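Have a look at the structure below, then the notes.
Bear in mind that the values in this text are calculations on the coordinates, not laboratory data. The model shown is predicted, which means the values in this text are computed figures rather than measured ones. FYI the Cβ positions are ideal-geometry reconstructions off the backbone, even for glycines, and counts take in every protein chain you see.
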Amino acid sequence: MTRTVHAALAALALVTAAATTAHATTTSSPRPSVGTLWTSDATDSGDGQSHLIGIDPSTGKETARIGVGAEAEPWSIAVTRNGRTAYVANFHNGTLGIVDTSAKKMTTAVPLGIDADYVTLSHDQKYAYVTSMVAQQLAIVDTATKRLVKTVTLPGPAEGAAVSPDGKTVYVGVYSRHEVVALDTRTGAQRAVFSAGGPFARRVQLSPDGKQLYTTDYYGGAVDVYNTARPAQAPRKVPVGGRPLDLALSPDGRTLYVSDTRSGLAAIDTRTLKARQFTITPSFGDLAVSRDGKAVYLAQYESAGSVSAFDAGSGEVTATFADGLAYPNGLALGRAS
């Protein structure tokens with residue numbers, strides 16, 4: 001499996017009529033930001049490296065381009081709360097790249113022995129969890145020692161993962177098995193299976209209190225909402241249309257944003273489970289939300305080759321960052337380093 005997996009899925013999206021050529025095209029002034037948007041290029045550049053790319057969302061300017069390995073093909077990014085360290089899941093070379101964002105240098109590449117598809121951090125940031133679609137495993141990395149702690153065999157190919165607030169459980173979407181498994185983070189033992197939802201759980205998100213589990217049903221055009229205390233209970237379904245991929249919660253947990261390869265972007269009120277559709281150029285990509293909850297960012301992997309900023313209230317595009325972003329893959333927001 002190669003980067004063509006992403007390209008094939010992205011082909012489901014509607015293709016834009018015209019390419020974006022400006023460094024930062026805006027319909028209104030970008031909102032000032034105290035952080036850095038991090039994305040990655042899915043293909044190697046002229047220097048033979050894949051890169052982690054930093055963007056200042058207040059100006060749209062590139063602030064960093066950090067090599068993470070030859071033919072690394074990064075697919076996912078997680079950033080610590082202080083913004084000083086980024087973790088990059090390098091699919092092709094099977095490593096977890098650890099980047100010092102202040103020094104603008106990758107300090108360690110942790111060999112995982114599996115393809116690295118998606119990375120998420122525990123709330124205390126002591127562990128990084130990396131999923132695998134091909135090897136069908138979950139890798140657990142100690143962020144202090146920068147060593148692989150263990151790998152856990154999963155019941156099928158997996159991508160999205162989320163860790164409970166207490167750090168005791170990691171939820172992993174196993175899309176070929178039509179289920180989400182809950183694993184003990186210490187032993188790797190299976191605690192529960194959520195299997196009454198859609199046939200293709202791509203990404204997983206937890207409410208701030210850990211009581212609600214959200215998954216994207218990629219082929220069902222919906223977001224499934226589970227009660228984590230009742231895994232056998234059928235989920236509530238929120239239709240969003242198209243092919244929902246990524247999920248991102250607002251800081252207060254009241255709005256869940258959904259990227260969609262056909263319809264674009266949806267916002268779900270987590271109290272009423274009512275969805276609003278934003279009319280945008282649909283694209284295969286990851287999401288991030290600003291710390292004040294006023295801006296939403298979408299990495300448009302193939303149809304646009306850019307990162308777009310949206311007003312969280314109106315859904316209007318406020319800026320498009322395009323320069324040097326051929327295939328932006330993964331998206332995370334960190335504080336200014």
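Whole-Hz Karplus ³J(HN,Hα) for region 241-249, in order, using 6.51 cos²θ - 1.76 cosθ + 1.60 and θ = phi - 60°, x for Gly and Pro?
x, x, 10, x, 10, 9, 10, 8, 9
Work out how much length residue 234 to residue 292 would gain on full extension: take 0.36 nm times their residue separation and subtract the Cα-Cα distance, in nm to one decimal.
Length gained, residue 234 through residue 292: 17.5 nm.
Compare the peptides 152-159, 285-292, 269-276 by average per-residue count of other Cβ atoms within 10 angstrom and give them in order, highest first.
285-292, 152-159, 269-276
Each label point is 7 Å from the Cα along the Cα-to-Cβ direction; what then is the distance between the points at residue 166 and residue 123, in nm?
Label at residue 166, label at residue 123, 1.0 nm between them.
As a footprinting exposure proxy, order 268, 280 by other Cβ within 10 Å, with the fewest listed first.
With the fewest neighbours first, 268, 280 line up as 280, 268.
So for the pair residue 187, residue 63, with labels modelled 7 Å out along Cα→Cβ, what separation do we get in nm?
Computed distance between label sites residue 187 and residue 63 equals 4.4 nm.
Set the bar at 23 Å for Cα to Cα. Now go through 211/274; 104/150; 126/150; 61/294; 150/211; 150/237 and name every pair that lies beyond it.
Over 23 Å Cα-Cα: 104/150; 150/211; 150/237.
With an 8 Å Cα cut-off and a minimum separation of 6 or more residues, compute the relative contact order for region 154-282 in percent.
Rounded, it is 15 percent for region 154-282.
How do 107, 261, 80 rank when sorted from fewest to most other Cβ atoms within 10 Å of their own Cβ?
107, 80, 261
Which of the trypsin sites (Lys or Arg not before Pro) across region 47-109 are loop residues per DSSP, with 13 or fewer other Cβ within 10 Å?
81
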